[in-house]
Amino acid sequence: MGSKRIKNMLVAVIMIFVMITAVIFMMNWELVEEKLGGKKKSEEVTVEVEENVTDEKQIGNDLSAFLQDETFFDAETQYKSVETYSGKRVSFIMSSVAKDLRIMFVDSSGKLITGAPFSVEIQELGEYTDDDEDGIIYIEKVRAGEYSVSMKEIDGYRVPNTVTSIKVKQDIEYRVLDSVEYMMLTEKDVDADQEDTEERSAKEDADGSENTEFLSKGNDTTTGIDVSKWNETIDWETVADAGVDFAIIRCGYRGSSSGSLIIDPMYEKNIEGAIDAGIPVGVYFFTQAVNEIEAVEEASMVINLIKEYDVDYPVFLDSESAGGNGRADNLEAEERTKIHKAFLETIASAGYETGIYGSANWLEKRVDMDELSNYRTWLAEYADVPSYDEYYHMWQYTSKGNIDGISTNVDLNICYMDIDTSIDHSSSAGGYSGVVNGDTGNVPTADSE
């Protein structure tokens, strides 16, 4: 009887175990079937969730959606268009000389941007576009006053969402323009054959008696040369050994056709080579300015180019013809004189000695030298004895000189000024502080030659 009861109890336990196992098995049947390969895993279902804008500036679950919200950014740093957010950054710089406005578009590195039709909105004046895509909008005959300027959106650029004010001046001020560097070009940017057409008027006045030797007039004078790109590569150490006392170097010119401000391609090599060889230097600039504003621009370019160098001799304005077809060739003497004075006054305002260069015939007929008597005169006349009967401070007596170290013919000059070369005239030393305008120094006339 006892053994039978035990047997029944074992059977009951086994049945309970089987039943529990069966229940578990049935509950996990799909998993078992998948493991046994009897059924493929159910495909995932993608649920589209409608995006809702929240108060926290997040759109749905897209954490980068704030880039699409134009109100997200601070007003001072936001750029106008989401479409141009990843484009190149552009800003604009403005300047005014007198009753004019120049707007220049530059990139983040401060370089002028060309090839894009940038537009601005000017309060009271309307919208203006850089149609020629040279990176500059220039507006003439603007009434004096203060104007607000903002930039229009343009594809591919990040345009600042700011309004900038500028004061347009009533009267011209002979002061250097800080923004002139954005207007300066190299000969790679222009057709140099068409733009650099300077002609030496002194060649027309030459009487055949010029001396092509390197002359010396005594203890009160110095002898030197003037050079430009036309003299090609110069061996300045050899030039110094040849006895050259000074060099007047062309730093640039205004294009006779386009009016662009262009740097002489040999300027940097020439001025650094001369200074390194111990030769004192001055500079000259060939003008084609047609108004006072352009004259201030030219003078500003010169100051920008020379400020880092020790320039002992004066800064000269080269007043000559540009082949008869230059943009300034047909100016009347009175108008040309006024324009030249604007250049000279601007140079003088920066602390540099300055003057005008020209042939005898040009100085007598094409400018009013009585109005320019406070400045230095550099006469170009190729003769044994000059016929020019006014005061002059330097004389270019030939264009056919020969100097060791220069492979081409070179202009030769005699200087009658007392130049203090012991002073460092670079900007780091405070700029030029030599002889003041109006001091005639050791000045010859035709009678004293």
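The values are calculated or read from the model by the stated rules, or taken from the named source; none is laboratory data. All values reported here derive from a predicted model rather than from experimental measurement. All Cβ positions, even for glycine, are placed from backbone atoms using ideal geometry, and neighbour counts span all protein chains on display.
Annotations
- Scanning the range 377-402 for residues that are assigned to a strand (DSSP E or B), small (Gly, Ala, Ser) and closer than 16 Å to Asn361 by Cα yields a total of 1.
- Of all the residues in the range 195-229, those that are at negative phi and surrounded by fewer than 14 Cβ atoms within 10 Å (Cβ to Cβ) number 8.
- Looking at Ser228, Ser300, Ser258, just one residue is modelled with pLDDT under 95 and within 24 Å of the chain's Cα centre (by Cα), and that residue is Ser258.
- Criterion violated by Ser119 - all others in (1) outside the structural domain of Gly324 (by TED's automatic domain parsing); (2) under 30 Å from Pro265 (Cβ atoms); (3) of a type in the set (Ser, Thr, Tyr); (4) surrounded by 13 or more Cβ atoms within 10 Å (Cβ to Cβ) satisfied: (2)
- Gly431 vs. criteria assigned by TED's automatic domain parsing to the domain that holds Asp310, modelled with pLDDT under 95 and in contact with a His (Cβ under 7 Å, 6 or more places away or on another chain): yes
- In the range 389-428, residue surrounded by the most Cβ atoms within 10 Å (Cβ to Cβ) [restricted to those that are at pLDDT 95 or above and more than 24 Å from Gly358 (Cα to Cα)]: Gly405
Conditions (1) crowded, with 16+ Cβ neighbours inside 10 Å; (2) modelled with pLDDT of 95 or more; (3) of a type outside the set (Lys, Arg); (4) out of contact with any strand residue (DSSP E or B) (no Cβ under 9 Å at 6 or more places or on another chain), marked per residue:
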| residue | (1), (2), (3), (4) |
| --- | --- |
| Thr84 | yes, no, yes, no |
| Phe92 | yes, no, yes, no |
| Ser96 | yes, no, yes, no |
| Asp107 | no, no, yes, no |
| Glu127 | no, yes, yes, no |
| Asp134 | yes, no, yes, no |
| Tyr138 | no, yes, yes, no |
| Lys141 | no, no, no, yes |
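- Only one of Thr223, Thr164 that is within 26 Å of Ile414 (Cα to Cα), at pLDDT 90 or above and of a type in the set (S, T, N, Q): Thr223
- When the range 292-332 is limited to residues that are part of a helix (DSSP H, G or I) and β-branched (Val, Ile, Thr), the one that is farthest from Tyr357 (Cα to Cα) turns out to be Ile293.
- Restricting the range 339-376 to residues that are of a type in the set (Gly, Ala, Ser) and either part of a helix (DSSP H, G or I) or without any contact (Cβ under 8 Å) to a residue 40 or more places away in the chain (or both), the residue that is farthest from Arg254 (Cα to Cα): Ser373
- Odd one out for Glu320, checked against (1) modelled with pLDDT of 95 or more; (2) among the acidic types (Asp, Glu); (3) closer than 23 Å to Cys415 by Cβ: (1)
- Residue satisfying all of: in the range 261-281; surrounded by 19 or more Cβ atoms within 10 Å (Cβ to Cβ), within 25 Å of the chain's Cα centre (by Cα) and not β-branched (Val, Ile, Thr); nearest to Glu298 (Cα to Cα) among these: Leu261
- In the range 173-180, the condition of being touching a residue at least 60 places away in the same chain (Cβ under 8 Å) and of a type in the set (Asp, Glu) is met by at least one residue.
- Only one entry of Ala350, Ala360 meets the criterion of being small (Gly, Ala, Ser) and out of contact with any Asp or Glu (no Cβ under 6 Å at 6 or more places or on another chain), and that entry is Ala350.
- Sole exception among (1) touching a His at 6+ places or on another chain (Cβ under 9 Å); (2) under 12 Å from Thr287 (Cβ atoms) for Tyr352, by number: (2)
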